[in-house]
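Working notes, beginning with the structure itself.
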Ligand SMILES: Cc1ncc(COP(=O)(O)O)c(C=O)c1O
């Protein structure tokens, strides 16, 4: 693998899943061995690393690339410290000149949890996601599986839909399931359309406070609601 030539800066936006790089066993699923062909890498601690919004961590191979394209080289900003290379002028790494101070909250998270604590948290989220997916898979009320799992469980996320004879039936049931479950207010799932056509529900288990009993209750809620929809639509 060779670094892509720098006509265009290629950044990996590992917004959510990037946090799992803290665990060696997940590094390959994030594609760590491919990172060497990219120029920069970003992940959001506010997504899956216990930090309040917002805290995006960007790693760049050579900061001069950013300064060359985004730097504000105006006379009024020049001073002896910048000119002498004594300070890093982050205003040159981004479009706005000012930036909010986020380091301290990140420092608190790192010091509070430590590397082992962060790994334990990520592993726990992933395990809960697997528990959720296994629960869905086990739901087969006689006539076959209630759900099709479309992606995952991966990175604590499972993407699934209700089973059905054809695309219209599956989408119709999945849409009803999604609306009904969210309307209970007991959990919050999101939805997506795969290939523009397949409606799917997304559930993730990365919340710090989520426990096994919550996951089991979520499975029960999805199963009970899906069984009701099935009874009404067959
Ligand atoms: C791949 C990806 N990039 C970027 C973002 C934006 O994240 P934020 O606006 O929270 O920094 C998201 C949010 O869901 C995302 O999934």
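Among the residues of segment 52-110, write down those that are assigned to a helix (DSSP H, G or I) and within 16 Å of the ligand (Cβ to nearest atom).
Within segment 52-110, 105, 106 qualify.
In segment 183-215, which residues are over 20 Å from the mean Cα position of the chain (by Cα), more than 19 Å from residue 131 (Cβ to Cβ) and outside any strand (DSSP E or B)?
Across segment 183-215, the qualifying residues are 183, 184, 185, 196, 197.
Among the residues in segment 216-227, are any assigned to a loop (DSSP other than H, G, I, E, B) and under 18 Å from residue 139 (Cα atoms)?
There is no residue in segment 216-227 that is assigned to a loop (DSSP other than H, G, I, E, B) and under 18 Å from residue 139 (Cα atoms).
Looking only at segment 18-46, which residues are in contact (Cβ under 8 Å) with a residue 60 or more places away in the chain, within 16 Å of the ligand (Cβ to nearest atom) and out of contact with any strand residue (DSSP E or B) (no Cβ under 8 Å at 6 or more places or on another chain)?
Listed by number, the list holds a single entry, 20.
Conditions: (1) in contact with a strand residue (DSSP E or B) (Cβ under 9 Å, 6 or more places away or on another chain); (2) in a helix (DSSP H, G or I). Residue 161 meets all but one. Number of the miss?
Of (1) in contact with a strand residue (DSSP E or B) (Cβ under 9 Å, 6 or more places away or on another chain); (2) in a helix (DSSP H, G or I), only one is false for residue 161: (2).
Just so you know, all these numbers are worked out from the coordinates, no wet-lab data involved. Please read these numbers as outputs of a predicted model, since none were measured by experiment. Every residue, glycine among them, receives a Cβ derived from its backbone with ideal geometry; neighbour counts consider all protein chains shown.
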